[in-house]
1. Show me the helices (runs of 4 or more DSSP H) found entirely inside region A:108-216 where at least 2 residues are buried (at least 21 other Cβ atoms within 10 Å of the Cβ).
2. Could you name every one of the helices (runs of 4 or more DSSP H) located completely within region A:1-100 that has at least 3 residues being within 26 Å of A:P259 (Cβ to Cβ) and in contact (Cβ under 8 Å) with a residue 40 or more places away in the chain?
3. Sort out for me the helices (runs of 4 or more DSSP H) sitting completely within region B:1-114 that have 3 or more residues that are in contact (Cβ under 8 Å) with a residue 40 or more places away in the chain.
4. Do we find that A:K241 is touching a Leu at 6+ places or on another chain (Cβ under 9 Å) and either surrounded by 24 or more Cβ atoms within 10 Å (Cβ to Cβ) or free of Cβ contacts under 8 Å to residues at least 40 places away in the same chain (or both) in this structure?
5. Out of the residues in region A:19-33 meeting the condition of being surrounded by fewer than 24 Cβ atoms within 10 Å (Cβ to Cβ) and farther than 15 Å from B:I144 by Cβ, tell me which one is nearest to the other protein chains (Cβ to nearest Cβ).
6. Let me confirm something: among A:V226, A:V234, which residue is part of a strand (DSSP E or B), touching a helix residue (DSSP H, G or I) at 6+ places or on another chain (Cβ under 9 Å) and within 22 Å of A:T82 (Cα to Cα)?
7. What's the number of the only condition in (1) modelled with pLDDT under 95; (2) under 20 Å from the mean Cα position of the chain (by Cα) that A:E249 fails to meet?
8. Is it the case that B:A102 is among the small types (G, A, S) and touching a Pro at 6+ places or on another chain (Cβ under 8 Å)?
Amino acid sequence: MKKAALFIGCTVPVRGTNYEQSFREVAKVLQIELVDHPGFSCCGFPTHAINRMTALALSARNLALANQASLSSMITLCNACTENMTHTNHLIQHDPVTRDEINRILNQIHLQYHGEVKVKHAMRYLYEEIGLDTIRASVQKPLSNLRIAAYPGCHYTKPSELYEGFDNPENPHTLNELVMATGASIVSYESSCCGGGTLGAKEDTALQMGIQTLKSMKENEADAIVLICPFCDVMFEQNQKKMEKLNGEEFNLPILYYPQLLGLAMNIEREKLGLTVNRIKLDKVLEKIQSGNKE
Amino acid sequence: MKKPLFQEQLDPAFKYQVMKEPGGEKLALCFACDTCTLSCPVRVQEETYQPRTIIRLILLGAKQEVLADPVIWLCASCFQCQERCPQGVGVTDLINAVKNIACREGFIPKSMTLQMGLLAKHGRLLEIGDFENKKRDKQQLPLIKEQPDDIQKIIDLSGASRYLPQESE
């Protein structure tokens, strides 16, 4: 049994409960003990553009709490949390001036932190700590006739200097491999940033950014998009109707968070995968899975 | 229409200010190849957002033009420019450093003060109250209690209290 702190951040526990619930379920099957810490709060990412030290101290606080609870490993679900927490770890390990400044702040709330906790995005954790073989072995109903556009999002692999050679930022492949482990096939498409980071500054620009990727996924006949970041979901699912309006044609591309896809392949009961939370109807996808299993 | 830049309005010290800001240290490595702009997914949709132009303006000392222009806030922080920069300028980090300076010099967008306000109030970006917890309970997810005290302290200790929304907002 592996053990890790589960860091859910701000967006997942409110708008991505389907992601959270399904991850907790697949973690049970894969024998990962997830520990919730009641003191966890925001990772700090939203303050990074305003005041860098606020962002670093906020993430260091969460890491210090995990360390205090003797948890040496932390799993994150959101790409932005992953990037900000990893960035903080990186600076604490390599930049003594910043480390001291962070600890000067943490001392005031009776904490300190020296880089003890290893942070990994949940999918990186599955890929590196659990492994594709174990995941393949957990599949009971291969999703063999499903065509998936796997969208890892930017901060899953970038900035690459933080991620120790994990995956390839120009041509990410680990999520593709995780999807293929469920028996589904992968659709190639032209990928661009989802636009989530620009949404607050200029909505139309952000939506246009998202449209480029959705168009290509549609042209390449994806049945569904697989996501691993709640901000990508804000764009590709929660704003898909707006993008359709702006684009003048429908996409009607349902999304699944990766643990939902894996959970379906593991044959976990559907009500435990939060499928009713998904806003774009999954009927066609579920029918396709059903018919695939009959063949 | 862009206005001409006059030398007497430029601030030659601005580039040093940026280079002192964490993230901006590698500004001088830029050899103006334009890879950042050509890699930028925002630029594809928005002619006005061009990372290389921002770097050129910083080097020229066009401090007001850079800090007051809301265009810097269009950066999606996707790190594509940073990945591809042949000189290792750390372009995304540099743009972030410029945003930090812009905030300090009074050019913080309202959306950013609102975010800071939410964090101070709830300890998180999205409120979790009874309504949200009821939904979580239905999905058998652990309940969450907001604990903003330490977050408020960190905002204060890191010098960010001045970015909180004013009472009247």
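1. Ranges flagged: A:122-125, A:174-180.
2. Answer list for region A:1-100: A:17-29, A:52-68, A:79-94.
3. So the answer is B:14-20, B:35-39, B:51-60, B:63-68, B:80-84, B:91-104.
4. no
5. Going through the qualifying residues, I end up with A:E25.
6. The unique qualifying residue is A:V226.
7. It fails just one condition, (2).
8. no
The values are calculated or read from the model by the stated rules, or taken from the named source; none is laboratory data. All of these numbers come straight from a predicted model, not from anything done at the bench. We place every Cβ from the backbone using ideal geometry, glycine too, and count neighbours over all the protein chains shown.
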